[in-house]
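The values are calculated or read from the model by the stated rules, or taken from the named source; none is laboratory data. These figures come from a predicted structure and were not determined experimentally. Glycine gets a Cβ as well: all are built from the backbone with ideal geometry, and neighbour counts include every protein chain shown. Heads up: the accessible areas ignore ligands, DNA and RNA and are worked out on the full protein's heavy atoms, side chains in. Shrake-Rupley method; radii C 1.70, N 1.55, O 1.52, S 1.80 Å.
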Amino acid sequence: MVPEGLVLLTSATFVVAIVKLAKHRTLVQELPATEVLARVDVLCLDKTGTITEGDLELIGINMIAEDPKERVDNVLAGVVHALPSMNPTQQAIRDQYEHAPELEVTHTVPFSSDKKWSGAAFESEGAWVIGAPEMILQDDYERVRRDVEQEASQGRRVLLLAQVSEAEFHEGRVQHPRMVAMLIIADRIREEAPAALRYFAQEGVTIKIISGDNPITVSAVATRAGVQDAEHYIDARQLSDDPQVLADAAEQYTVFGRVSPQQKKLLVQALQAKGHTVAMTGDGVNDVLALKEADCGIAMANGSDAAKAVSQLVLLTSDFSVLPRVVMEGRKIINNLEKVSVLFLSKTVYSVLLSIIFSCILMPYPIMPIHVTLIGALMIGIPAFFLAMSPNRDRVSPGFLKRVLKSAIPNAVILAGVTLTMFLYAYLSGLHTSEARTLAVLVLGGSSLVVLTRIARPLNGLKIQLVIAMLTLFAAAFLTPLGNDIFMLTVRELPHFLSAFVLVMVTWPLLSISNRLVNRIV
């Protein structure tokens, strides 16, 4: 009665999927990860390193103050060489200034996602910061908003270089900064990104872009990459902390800019509160909270160890265009397991029904353990393995268990019914118990083959060969002396073969009628 083979088959199919994905440079860190991703209906992406290549380039420095260009270059080089850690933005600046200037550093403030700026203080030049203009200028941002948004609308990132008070800088604060220059940084969209985004759009997966950059910049890049509704953007600093309001905003907007690490987590929770299954991609420590909260966390191989540690999937090429392959593997697993689950659970239900019935009528049980082995192997175990590995790209829809039971229970009732009918007819006709059991096995095995054929639809060449192979092996058990001995079958001068054949043939229309009735009722 216990469908122990289903547990083994489920684990085996996951393992096979993991091996296949490894060929596409995808590391699966948790066994059910592919299955979860196949059910995802919202995919949250970062801009840098996901949609774009993440290989940033400093393409221009627009002077604001009248400081000499040589001084600005000297300070920029000093700041990026003084900082203890290096993110892609700092690396883009450092690529332009390979050599550190002869400036004595007195204090540094590394970049953080909360303040979105970093800086250094020098003994001869004072304190300088580089970062998001709106975060550095605060209330004075209106002075440069137009210029920043003009660049952002072209998908470029804008940073502000400003000189600040050393006393406040040492306390990690910026007040009354003196604007000196705007740094224009560009990033290229990944060549394969539009195709991957188009695939998810066609498959009904909603894309959300969650980034720490200016929302206008992110929106422009997302639009160029082909993200649907990318013009619906918002600055995350305007978002409410109220869970219901945040959940509504998460549904309404596609692009979220200037998002803090805590807000990333809250956005994931808000989408889940709306009933979505959420996947989150990330590569930095700032993404850890959201990756851990998401139904499926996806880390990039070039990301931080913390991000990879909490994720279910790691893209070893840091290329999210492999995700469609992961989704297809997951869909194949779920949809095929749904089919083979019907086989296993049909056996479970009809075994329970027959046990109850024959316990009540006080008659010999019609199926011996060796008979269960024969039918279970040929009509369930062996074909289930091949069916679970067959291609299947159908979308995954909710209600897995309900659909399985809607098919398994009617199947089991009919299988139990025809088996009971055959055994009682043969037994009450005066046949020996072993002969009545042989006929019951013939009917149950033949009817199970009918169920297998229905579940294998749509039939193709390989599936037809599979059904024929199982039929041949089943027939061999009845037609060969060795099969008779192993499986305890009594076939010499056995009457009522025609009755058994008729019961097997009527199984197909009975299954069709019962399934239609169940679909109308449930």
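Distance from the alpha carbon centroid of segment 240-265 to that of segment 79-101 works out to 32 angstrom. Taking trypsin sites (Lys or Arg not before Pro) as exposed when their DSSP state is a loop state and no more than 11 other Cβ atoms lie within 10 Å, the longest site-free interval of the chain runs over 1-392.
Accessible area per residue for the chain, computed on protein heavy atoms with a 1.4 Å probe, is 45 Å². Please work out the Cα convex hull volume for segment 380-427 and give it in Å³ per residue. About 98 Å³ per residue, rounded to a whole number. For segment 369-383, 3J(HN,Hα) computed residue by residue from phi via the Karplus equation (6.51, -1.76, 1.60; θ = phi - 60°) reads x, 5, 5, 4, 4, 4, 5, x, 6, 7, 9, 10, x, 5, x Hz, glycine and proline entered as x.
Which value does Rg/Rh take for segment 1-128 over its C-alpha atoms, Rh per Kirkwood? Result for segment 1-128 is an Rg/Rh of 1.28.
Equivalent ellipsoid of segment 364-522: semi-axes from √(5λ) of the C-alpha gyration tensor, largest first, are 29, 19, 12 Å. Each residue of segment 35-50 was assigned a 3J(HN,Hα) from its phi angle through the Karplus expression (A = 6.51, B = -1.76, C = 1.60, θ = phi - 60°), giving 5, 5, 4, 5, 8, 5, 10, 9, 10, 9, 10, 8, 7, 6, x, 10 Hz with x at Gly and Pro. The 3J(HN,Hα) values that the Karplus relation (6.51, -1.76, 1.60; θ = phi - 60°) gives for segment 333-349 are, in residue order, 4, 5, 5, 6, 5, 4, 5, 6, 4, 4, 4, 5, 6, 4, 4, 4, 5 Hz. Gly and Pro appear as x. In segment 262-304, what percent of the accessible surface is made up of carbon and sulfur (1.4 Å probe, ligands and nucleic acids excluded)? Roughly 46 percent of what the probe reaches on segment 262-304 is carbon or sulfur. Cα centroid separation, segment 53-71 to segment 424-457: 83 Å.
A quarter of the convex hull surface defined by the alpha-carbon atoms of segment 288-400 gives 10.7 nm² as the mean projection. By its C-alpha gyration tensor, with a ≥ b ≥ c as the square roots of the eigenvalues, how is segment 343-444 shaped: rounded for a/c under 1.5, else prolate for a/b larger than b/c, else oblate? In terms of gyration-tensor shape, prolate. With 31 Å as the limit, write out which pairs from 115/208; 23/47; 274/308; 116/208; 69/308; 23/402 have Cα-Cα distances beyond it, or answer none. 69/308; 23/402, as the Cα separations exceed 31 Å there.
Principal axis extents of the Cα atoms in segment 78-197, from largest to smallest and rounded to whole angstrom, are 51, 34, 22.
Roughly how many percent of the accessible protein surface of segment 412-522 is carbon and sulfur, given a 1.4 Å probe and a whole-percent answer? About 71 percent, which is the carbon plus sulfur part of the accessible surface. Counting every C-alpha pair in segment 316-366, the share spaced more than 13 angstrom apart comes to 70%.
So if the hydrodynamic radius of segment 151-264 is defined as the Kirkwood radius over C-alpha pairs, what does Stokes-Einstein give as its diffusion coefficient at 37 °C and 0.692 mPa s, in µm² per second? This corresponds to a translational diffusion coefficient of 205 µm²/s. Residues whose amide H falls under 5 Å from that of residue 206, counting only those 5 or more places apart or on a different chain, are 42, 43, with hydrogens built in the peptide plane. Treating each Cα of segment 225-361 as an identical point scatterer and summing with the Debye formula, the log10 of I(q)/I(0) at q = 0.13 Å⁻¹ comes to -0.69. Using the 2.2 N^0.38 Å rule of thumb for compact globular proteins, work out how segment 420-510 stacks up: its C-alpha Rg over that value, please. Cα Rg divided by the expected 2.2 N^0.38 Å: 1.15. Taking only the alpha carbons of the chain, we obtain Rg and Dmax values of 33.0, 112 Å in that order. Net charge in the neighbourhood of residue 173 (other residues with Cβ under 13 Å of its Cβ; Lys, Arg +1, Asp, Glu -1) is -3. Compared with the alpha-carbon gap, the fully stretched path from residue 462 to residue 285 is longer by 58.9 nm at 0.36 nm per residue.
The modelled label-to-label distance for the pair residue 100/residue 522, using points 7 Å beyond Cα in the direction of Cβ, is 6.9 nm. Mean sequence separation of contacting Cα pairs (under 8 Å, at least six apart), scaled by the length of the chain, corresponds to a relative contact order of 15 percent. The orientation-averaged projection of the convex hull spanning the C-alpha atoms of segment 456-507 amounts to 4.7 square nanometres. Net charge in the neighbourhood of residue 140 (other residues with Cβ under 11 Å of its Cβ; Lys, Arg +1, Asp, Glu -1) is 0.
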